[in-house]
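A.B. asks: I have a structure here, written as structure tokens, and I will follow up with some questions on it.
The values are calculated or read from the model by the stated rules, or taken from the named source; none is laboratory data. Nothing here was measured: the structure is a model prediction, and the numbers come from that model. Using ideal geometry, Cβ is built from the backbone for each residue, glycine included, and neighbour counts are taken over all protein chains shown.
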Amino acid sequence: MILCTHDPVWATYWRTISTSDKYTDINISTSEKDMDGNYINSSWLVRCIGHAHNKIKNIKDGTHIRLMKYKLSNESYVTAEGERKRFFRFLLMDFDVNEDGNSSRGGAQQRQQSQNRPARNTSKPAHETPKPAAVEEDEDDDWTPFG
């Protein structure tokens, strides 16, 4: 299980699938850029509980929401036949949204701060490790750590 309460994530709310007194099941999508600058999209089936359950009733399809508190888990269970199975669960406990798409918890300010940061160097793949700096050797230095 992973409980996420920091570094909020932006998502797009698409539709409500079902609702009850205690929860609402919804479809959302998230996206990220790959190394080539292309977007990779993911669709999620999310169960809203608590504050999220109460807030989602007033959201229109296509609205950008900021996931503030959510839990991801990969739970296991045993079927009646004794077979062990797993299922992924995405619980959303709180989110934030404004009519203008900015978060009331500082989203516009955070975007402004991120625009002022220097750009990351993405010319190298993320898996490459940097080469160590060259070390100048002194010919008179014959010291070793082993005596």
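A.B. asks: Go through (1) outside any strand (DSSP E or B); (2) in contact (Cβ under 8 Å) with a residue 12 or more places away in the chain; (3) under 14 Å from the mean Cα position of the chain (by Cα) for Trp10 and report which single condition fails.
C.D. replies: Answer for Trp10: the failing condition is (1).
A.B. asks: Starting from the range 81-110, keep only residues that are modelled with pLDDT of 95 or more and loosely packed, with under 14 Cβ neighbours inside 10 Å, then list their pairs with residues that are assigned to a helix (DSSP H, G or I) and charged (D, E, K, R) whose Cβ atoms are within a distance under 6 Å, requiring at least 6 positions of separation or different chains.
C.D. replies: none
A.B. asks: Still on this structure: Tell me the residue from Asp21, Asp61 that is out of contact with any Phe, Trp or Tyr (no Cβ under 7 Å at 6 or more places or on another chain) and acidic (Asp, Glu), please.
C.D. replies: Among Asp21, Asp61, only Asp21 is out of contact with any Phe, Trp or Tyr (no Cβ under 7 Å at 6 or more places or on another chain) and acidic (Asp, Glu).
A.B. asks: Here is a check on your reading of the model: is Met68 touching a strand residue (DSSP E or B) at 6+ places or on another chain (Cβ under 6 Å) and either of a type in the set (Lys, Arg) or modelled with pLDDT under 95 (or both)?
C.D. replies: So Met68 passes the test.
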